[in-house]
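A.B. asks: Input: one structure, supplied below.
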Amino acid sequence: MARELSEKNLIIAVRADVAPLAKAQFPNAEVIPLHLREKRRLVNLATVNVVNCLPAWLRLFFLKVDAAICLRSMRAYLHTITFYLPRAKRRIACENLLLATPRMRRPAVENFVRSAFKPTLIPYPAAERLPTDVEANRLIAEEVLQRKVSDEEILPTLTPPREVSAKNYWLLCPFSSTKSKDYPAEAWARALKLLDHERAETPLHLAAGPSQADRLQEFACTLQSAGIANIHLAPPVPLPDFLQSIAEARLVLTVDTAAAHMACALQTPAVIVSAGQHPGVYAPYSKNGRQKWLLPPGDLPKGEWRQHFTPEMMADCMRSVFSTGGSVYRF
């Protein structure tokens, strides 16, 4: 949409921690940061987020735009407010998935804004070849552009902020936003030990968010105790610099988290072990077949995915990344 309608006409409202990345990818667009807090600290979380968002909301309220577009299909109240604030000729989004299990007030709020603002709400797509959230974005883009949008156009793409230098390290990002998606350090260590020959002297960089520094240090100690050598702890960096580190990695190892989607968007070889939450919504996908998603079977009892993906399976998948192949492994 930015290419076709001109990036200088684009205004992006996005979480404050993602704003630098959005600005780096769309330098000619206006980026409005939303200062949203994830965790409660003394005061009610919703109250804090409303206060934090007020400057951005005031900017949005005084905007007059041709179209307001929401690419988030699970919309809480804060997302709904953000979407409907600008004075827009058209409002386009997919239906709110949170209405499938609505709280008491949510349907009333949704019905009110529908009647008041007359948005174009596209039915959320069923599972097909691509993740449903990617398909949802395709439907929105097609509505805006009034033409068909191909897989190549809609699959996520990112551009490194700088020229990519020699790929001379492996990058392991072991933590997600929730511990329920993390793969055990001991299992990572055993899988990596099986790859001593393939890795040879290649450095292994470990990366995590600023709040995960202590956990990352413990993770590194576990790997070292298992005989994994040449480990480097990467300091937390802004998202554009983190994107650069993924682009320059020979191999990315991670769980279902931002690093996985960045690797896919950059077409960096990657192995992604997934807990299988929200199956088919955000993953799997791969443009070049070198991002391997390990997805647990649908009939696997909850919580047993870690035992299901043995270190031997992980090691075999890592080896396969160095040759061509499909983008999804199901064991």
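A.B. asks: Does GLN224 satisfy being closer than 24 Å to TYR169 by Cα, free of Cβ contacts under 8 Å to residues at least 40 places away in the same chain and surrounded by fewer than 20 Cβ atoms within 10 Å (Cβ to Cβ)? Steps first, please.
C.D. replies: Working: closer than 24 Å to TYR169 by Cα: yes; free of Cβ contacts under 8 Å to residues at least 40 places away in the same chain: yes; surrounded by fewer than 20 Cβ atoms within 10 Å (Cβ to Cβ): yes.
When the stated conditions are applied, GLN224 passes them.
A.B. asks: Right, something else. Assuming GLN267 fulfils every condition listed in (1) over 12 Å from the mean Cα position of the chain (by Cα); (2) under 15 Å from PRO284 (Cα atoms); (3) buried (at least 20 other Cβ atoms within 10 Å of the Cβ) apart from one, which condition is it?
C.D. replies: The one condition GLN267 does not meet is (3).
A.B. asks: Moving on. Hand me the list of helices (runs of 4 or more DSSP H) wholly inside the range 100-169 holding 2 or more residues that are closer than 30 Å to ALA247 by Cα and among the hydrophobic types (A, V, I, L, M, F, W, C). Before you say what the answer is, go through the steps one by one.
C.D. replies: Working: elements: 106-117, 132-145, 151-154.
In the range 100-169, the matching helices (runs of 4 or more DSSP H) lie at 132-145.
A.B. asks: Looking at ALA249, ALA191, ALA265, which one is modelled with pLDDT of 95 or more and either closer than 30 Å to ARG37 by Cβ or hydroxyl-bearing (Ser, Thr, Tyr) (or both)? Steps first, please.
C.D. replies: Values: ALA249 fails: either closer than 30 Å to ARG37 by Cβ or hydroxyl-bearing (Ser, Thr, Tyr) (or both); ALA191 fails: either closer than 30 Å to ARG37 by Cβ or hydroxyl-bearing (Ser, Thr, Tyr) (or both).
Of the residues listed, the single one that is modelled with pLDDT of 95 or more and either closer than 30 Å to ARG37 by Cβ or hydroxyl-bearing (Ser, Thr, Tyr) (or both) is ALA265.
A.B. asks: Do we find a residue being free of Cβ contacts under 8 Å to residues at least 12 places away in the same chain, under 18 Å from TRP170 (Cα atoms) and in the same structural domain as GLY209 (by TED's automatic domain parsing) anywhere in the range 311-319? Quick ask: steps written out before the conclusion?
C.D. replies: Applying the first criterion (free of Cβ contacts under 8 Å to residues at least 12 places away in the same chain) to the range 311-319 yields 316.
Then keep just the ones that are under 18 Å from TRP170 (Cα atoms); that gives 316.
From the residues that got through so far, the ones that are in the same structural domain as GLY209 (by TED's automatic domain parsing) too are 316.
Within the range 311-319, one or more residues are free of Cβ contacts under 8 Å to residues at least 12 places away in the same chain, under 18 Å from TRP170 (Cα atoms) and in the same structural domain as GLY209 (by TED's automatic domain parsing).
A.B. asks: So VAL164 ticks every box in (1) surrounded by fewer than 17 Cβ atoms within 10 Å (Cβ to Cβ); (2) in the same structural domain as SER320 (by TED's automatic domain parsing) but one. Which box is left unticked?
C.D. replies: (2)
A.B. asks: Cβ-Cβ distance below 6 Å, separation of 6 or more or different chains: which pairs start in the range 208-220 with a residue that is within 19 Å of VAL252 (Cα to Cα) and in the same structural domain as LEU239 (by TED's automatic domain parsing) and end on one that is among the charged types (D, E, K, R) and modelled with pLDDT under 95?
C.D. replies: No pair meets every condition.
A.B. asks: While we're here: Could you tell me whether the range 165-187 includes any residue that is in contact with a helix residue (DSSP H, G or I) (Cβ under 7 Å, 6 or more places away or on another chain) and basic (Lys, Arg)?
C.D. replies: Checking the range 165-187: not a single residue is in contact with a helix residue (DSSP H, G or I) (Cβ under 7 Å, 6 or more places away or on another chain) and basic (Lys, Arg).
A.B. asks: If you don't mind, another one. Considering only the range 199-221, state which residues are surrounded by fewer than 20 Cβ atoms within 10 Å (Cβ to Cβ) and closer than 22 Å to ARG15 by Cβ.
C.D. replies: Listed by number, the residues that qualify are GLY209, PRO210, SER211, GLN212, ALA213.
A.B. asks: Among the helices (runs of 4 or more DSSP H) lying completely within the range 211-272, list those that include at least 1 residues that are closer than 21 Å to ASP316 by Cα, in contact with a helix residue (DSSP H, G or I) (Cβ under 7 Å, 6 or more places away or on another chain) and of a type in the set (A, V, I, L, M). Before you say what the answer is, go through the steps one by one.
C.D. replies: Values: elements: 213-225, 239-247, 258-266.
Passing ranges, in order: 213-225, 258-266.
A.B. asks: Mind telling me which of the residues ARG59, ARG72, ARG87 ends up being surrounded by 14 or more Cβ atoms within 10 Å (Cβ to Cβ) and more than 24 Å from PRO240 (Cα to Cα)?
C.D. replies: Numbers: ARG72 fails: more than 24 Å from PRO240 (Cα to Cα); ARG87 fails: surrounded by 14 or more Cβ atoms within 10 Å (Cβ to Cβ).
Result: ARG59 is the single residue among ARG59, ARG72, ARG87 that is surrounded by 14 or more Cβ atoms within 10 Å (Cβ to Cβ) and more than 24 Å from PRO240 (Cα to Cα).
A.B. asks: Would you point out the residue of the range 270-289, among those that are among the hydroxyl-bearing types (Ser, Thr, Tyr) and closer than 17 Å to ALA136 by Cβ, that is surrounded by the fewest Cβ atoms within 10 Å (Cβ to Cβ)? Walk me through how you get there before you give the answer.
C.D. replies: At the first step, the residues of the range 270-289 found to be among the hydroxyl-bearing types (Ser, Thr, Tyr) are 274, 282, 285-286.
Now narrow it down to the ones that are closer than 17 Å to ALA136 by Cβ: 282, 285.
Working: TYR282: 16, TYR285: 20.
The selected residue is TYR282.
A.B. asks: A follow-up question, please. Within the range 52-87, can you find the residues that are of a type in the set (A, V, I, L, M) and touching a strand residue (DSSP E or B) at 6+ places or on another chain (Cβ under 9 Å)?
C.D. replies: Taking the range 52-87 as the starting set, the residues that turn out to be of a type in the set (A, V, I, L, M) are 54, 56, 58, 60, 63, 65, 67-69, 71, 74, 76, 78, 81, 85.
Of everything in the range 52-87, those that are of a type in the set (A, V, I, L, M) and touching a strand residue (DSSP E or B) at 6+ places or on another chain (Cβ under 9 Å) turn out to be ALA56, LEU60, LEU63, VAL65, ALA67, ALA68, ILE69, LEU71, LEU78, LEU85.
The values are calculated or read from the model by the stated rules, or taken from the named source; none is laboratory data. Bear in mind that the values here come from a model prediction, so they are computed numbers and not experimental data. Counting neighbours? That spans all protein chains shown, and the Cβs are built from the backbone with ideal geometry, glycine included.
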